[in-house]
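Chemist: Got a structure for you, questions after.
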Amino acid sequence: MALLEVDNLSLSFGGIHALQQVSLRIEEGEIMAIIGPNGAGKTTLFNCISGLHHADSGAIRLAGTDIVRYPPHLIARLGVARTFQNLRLFRNLTVLENVLIGGYVSGGSRDRVHGAMELLEFVGLSDQAFSLAGSLPYGAQRRLELARALAMAPRLILLDEPAAGMNFAEIQDLLRLFRTMRDRGLTIALVEHDMRLVMNVSDRVAVLDYGKKIAEGLPAEVRTNQAVLDAYLGDEAG
């Protein structure tokens, strides 16, 4: 059984078909990238999986349980965490406090401060624990949002353009973090435009265009798929 199964998911906003019978499977412990041009439906798909939108039709199964009508807080408690395309930090709280907020979702009896500090060490922000989140450089804020999502102890983490605004060195650090997360058993769904990151870290890639899935496969297969080249990659595949 796949950890996540999306089955014929459709969602329209007025006359705009944001998702049209999208199906995909994400196996436990893999990294799946979801790519496509702006407006293809990638973030809308994440919003449906995390409960921010409710699809018009179709199913979303997490470890066999259909969560398509569940509210966000129940989906989070079942082990789905996410980051956002636009940063959603508590800018006037400290770095540590932001991570502690994520930890309240997972519960558990272990010392939350100790766990939060371990996560900040993991993302390279332990020396900034008592700084205000809003004072961090942009790339560091991205890593903080990742640490907060990890504090929820998720089984599945949805990362919406985590490399946006980062330089080459920061992206390489992010790539190493993602590989370590996968090696520790975490399942990752990744929406990203940086093809260097996508092609180097993903186990499989799905491609959306105008709300439809037009391709899925190994990174090497997707980057040579003519439909994908025409819709999105073009010269980036070279």
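Chemist: For the stretch 70-86, does any single residue satisfy the condition of being touching a helix residue (DSSP H, G or I) at 6+ places or on another chain (Cβ under 9 Å) and hydroxyl-bearing (Ser, Thr, Tyr)?
Modeler: Looking for residues that are touching a helix residue (DSSP H, G or I) at 6+ places or on another chain (Cβ under 9 Å) and hydroxyl-bearing (Ser, Thr, Tyr), one finds at least one in the stretch 70-86, hence yes.
Chemist: Could you look through the stretch 165-187, keep only residues that are aliphatic (A, V, I, L, M) and out of contact with any helix residue (DSSP H, G or I) (no Cβ under 6 Å at 6 or more places or on another chain), and pick out the one that is surrounded by the fewest Cβ atoms within 10 Å (Cβ to Cβ)? Walk me through how you get there before you give the answer.
Modeler: Initial filter on the stretch 165-187 (aliphatic (A, V, I, L, M)): 166, 169, 171, 174-175, 177, 181, 186.
Subsequent filtering for residues that are out of contact with any helix residue (DSSP H, G or I) (no Cβ under 6 Å at 6 or more places or on another chain) retains 169, 174, 177, 181, 186.
Working: 169: 9, 174: 23, 177: 19, 181: 18, 186: 20.
Within the stretch 165-187, the match that is surrounded by the fewest Cβ atoms within 10 Å (Cβ to Cβ) is 169.
Chemist: Against the definition (more than 22 Å from residue 141 (Cβ to Cβ), assigned to a loop (DSSP other than H, G, I, E, B) and either more than 16 Å from the chain's Cα centre (by Cα) or not charged (D, E, K, R) (or both)), how does residue 61 come out, yes or no?
Modeler: Numbers: more than 22 Å from residue 141 (Cβ to Cβ): yes; assigned to a loop (DSSP other than H, G, I, E, B): no; either more than 16 Å from the chain's Cα centre (by Cα) or not charged (D, E, K, R) (or both): yes.
The answer is no for residue 61.
Chemist: Same structure again: Answer yes or no as to whether residue 88 is modelled with pLDDT under 95, over 13 Å from residue 157 (Cα atoms) and either among the hydroxyl-bearing types (Ser, Thr, Tyr) or surrounded by fewer than 17 Cβ atoms within 10 Å (Cβ to Cβ) (or both). Please lay out each step first, then the result.
Modeler: Details: modelled with pLDDT under 95: yes; over 13 Å from residue 157 (Cα atoms): yes; either among the hydroxyl-bearing types (Ser, Thr, Tyr) or surrounded by fewer than 17 Cβ atoms within 10 Å (Cβ to Cβ) (or both): yes.
The answer is yes for residue 88.
Chemist: Moving to a separate point now. When you go through 64, 79, 115, 102 one by one, which is the residue that is loosely packed, with under 13 Cβ neighbours inside 10 Å and out of contact with any His (no Cβ under 9 Å at 6 or more places or on another chain)?
Modeler: Values: 79 fails: loosely packed, with under 13 Cβ neighbours inside 10 Å; 115 fails: loosely packed, with under 13 Cβ neighbours inside 10 Å; 102 fails: loosely packed, with under 13 Cβ neighbours inside 10 Å.
Criteria check complete, one pass: 64.
Chemist: Please go through (1) part of a loop (DSSP other than H, G, I, E, B); (2) modelled with pLDDT of 95 or more; (3) not assigned by TED's automatic domain parsing to the domain that holds residue 57 for residue 145 and return the number of the only condition it doesn't satisfy.
Modeler: (1)
The values are calculated or read from the model by the stated rules, or taken from the named source; none is laboratory data. The structure displayed is predicted, hence computed values, not measured ones. Reconstructed Cβ throughout: ideal geometry from the backbone, glycine too, with neighbour counts over all protein chains shown.
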